[in-house]
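The values are calculated or read from the model by the stated rules, or taken from the named source; none is laboratory data. If you're wondering where the values come from, they're calculated on a predicted model, not measured in any experiment. Here the Cβ positions follow ideal geometry from the backbone for every residue, glycine too, while neighbour counts run over all protein chains shown.
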């Protein structure tokens, strides 16, 4: 770093002086008195001379605090050195917050200084993570980010004016420090994005939901890290701890911000492993806060009776753009419009396949996007004829050709993913839940092999037998399947293939009745 | 049909780092300011002690059931927290007033004889902050005195 | 991967929002009133 001669020593002396002032001349919330005297010392020491010196000063101070932890760890367990280490960290962070507050009048230098400090901490964190390997200590970095977040989110006029930049700065930094990048920081990382003040600022207080997309990005980072470990379902303790913590955060979001889960559901479904049924159900069970769900067990409940069925769910992603490559999308649109090229159906499976490795053969996000796109297009076409989706209006159409082709032509793995993509649409009452419920029941009724009917049943059942919550649309669809004699459900052999399976169906049927 | 998929090399590394960091998990107190008084130090109490805060313990109803002394204790020891805010709210409901200059809680002992812009003359009981100032935990008693 | 989500230390039937007293991913229950930083009136900052 070629620090100027003596800068390290000078910075360490200044930091120690500031820590003393912070501890003696202030309270956990207010250090303005200490700052008004210390700022002159900083200035006269040349620290505020220019950008480069301030950057070096910050880096040296952060490194000091971190080194204190590693030195302290020789002395004793983390608990003992927490208070000592945190005193320095809290003091340093307070100094940074006060410098941000008082630097210049316009927002720009404040935001730049904040991002500079966040970047320095992130850089040192990544470097320590690589150097220390399994000795890496997450807690001082966690403390630094958390306390700076508190200090910059106090009710202070100056910070209020840059609140969006503060939230953006933290979100970007946490996205850079995502668990895949620095797995040794994963617990601290989740502790930060699951912190009550962080959730409040990102999801509740930021006006017009401006931070929702950034928070969605952070949740996706977490799912992407968990994916390979959850995919195999044997959870080693460290992963089980992270998974349990994830469920707790998602439950708070489900309870307090269901619309967030509704809006970003399609993003999350691509990132949740297909065998992670309960967490997926949790996301799918969210329904808009102002919506009242009819009891799914209401006798003779019909979608058509529900006003909400007329409306599509909010979809924030550009589904069409997710269908790649462009040539495939072009053929798809052409087939939907004119049922040509005729080779489209026979080539469909190849377009969805990515490897020949069992268990990873298919492009799951592409299957999800294809199902959602074809279904959305179909609803529009039906509506354009002033009709509503029902068993006859969805039949014998190019859209249903595609679904029936996928049901018949795909292998077990591919069909499982396809049926899951359909079942993922079974959420709160909406035109999509209604339409895809019809598609699933139509495929069940018109399939020419019992395999498809059995697999449809498996896909629905495995979502019902896990602990709650269960999406409304899933319950309504399954109840229709077992109650409506049109589907001859109880006559199928697989329903009676084993006493415990039969008992399971009867118990589910009883709870449904 | 989605059988297990073997973890790649980078996943193994990620797991090792995750596992190593699981030996020093962040505690809830790591996300809270350090307390000058009553710092939050987790302590392994017998499992039959209530391990979690009572539900609704952060509501006004709960605080209304606390004694005056307890409310003073919370007000002065837990500065800047929701507990201090709730304690102050309940004290006011029980006709205590906080004098910002002396930082003392006063309560009328009888109807004041004289009331004007500057003051109300009468007898009050108040909580003696000087005694409190020593903040000696042991042998601490609350003293009330009549203030003419 | 199934948990009983009602046993994760969250009162899912609460009418109020959970996040203001959420004890974090690994907290066992809601945070205590004395842990929640609060914007108290200036004069309450007695120290």
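Results, tabulated for the structure shown:
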item	result
Every pair of residues 6+ apart whose Cβ atoms lie under 7 Å, when the first sits in region B:62-90 and is at positive phi while the second is outside any helix (DSSP H, G or I)	B:80/A:28; B:80/A:29; B:80/C:37; B:80/C:38; B:80/C:40; B:80/C:45
Within region A:67-84, tally of residues that are within 14 Å of chain B (Cβ to nearest Cβ) and modelled with pLDDT of 85 or more	0
Residue C:24 being within 7 Å of chain A (Cβ to nearest Cβ) and modelled with pLDDT of 85 or more	yes
Condition broken by residue B:73, with the remaining ones in (1) closer than 29 Å to residue A:90 by Cα; (2) within 7 Å of another protein chain (Cβ to nearest Cβ) satisfied	(2)
Some residue of region A:114-128 being within 14 Å of chain B (Cβ to nearest Cβ) and free of Cβ contacts under 8 Å to residues at least 60 places away in the same chain	yes
Single condition residue B:81 does not satisfy, out of (1) closer than 30 Å to residue A:141 by Cβ; (2) at the interface with another protein chain (Cβ under 7 Å from one of its Cβ atoms); (3) at pLDDT below 90	(3)
The one condition in (1) surrounded by 13 or more Cβ atoms within 10 Å (Cβ to Cβ); (2) out of contact with any strand residue (DSSP E or B) (no Cβ under 9 Å at 6 or more places or on another chain) that residue A:362 fails to fulfil	(2)
Qualifying residue in region A:299-321 (condition: under 20 Å from the mean Cα position of the chain (by Cα) and assigned to a helix (DSSP H, G or I))	no
Hey, residue A:269 within 30 Å of residue B:13 (Cβ to Cβ), surrounded by 21 or more Cβ atoms within 10 Å (Cβ to Cβ), in contact (Cβ under 8 Å) with a residue 60 or more places away in the chain and facing chain C (nearest Cβ under 10 Å) or not	no
Region B:18-64, residues that are facing another protein chain (nearest Cβ under 7 Å), over 28 Å from residue A:87 (Cβ atoms) and outside any loop (DSSP other than H, G, I, E, B)	B:18, B:19
Condition check for residue A:132: surrounded by 14 or more Cβ atoms within 10 Å (Cβ to Cβ), within 14 Å of chain B (Cβ to nearest Cβ), outside any helix (DSSP H, G or I) and out of contact with any strand residue (DSSP E or B) (no Cβ under 7 Å at 6 or more places or on another chain)	no
Residues satisfying the stated conditions in region A:152-178, i.e. touching a residue at least 24 places away in the same chain (Cβ under 8 Å), part of a loop (DSSP other than H, G, I, E, B) and surrounded by fewer than 16 Cβ atoms within 10 Å (Cβ to Cβ)	A:154, A:156
Given (1) closer than 15 Å to residue C:29 by Cβ; (2) facing chain C (nearest Cβ under 7 Å), number of the condition residue B:88 does not satisfy	(1)
Any hit, region A:224-231, residues being more than 24 Å from residue C:7 (Cα to Cα) and away from every other protein chain (no Cβ under 14 Å)	no
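So that you can scan it fast, the table gives a plain yes or no per residue for (1) over 22 Å from residue A:425 (Cα atoms); (2) crowded, with 18+ Cβ neighbours inside 10 Å; (3) touching a residue at least 40 places away in the same chain (Cβ under 8 Å):
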| residue | (1), (2), (3) |
| --- | --- |
| A:245 | yes, yes, yes |
| A:282 | no, yes, yes |
| A:299 | yes, no, no |
| A:305 | no, no, no |
| A:321 | no, no, no |
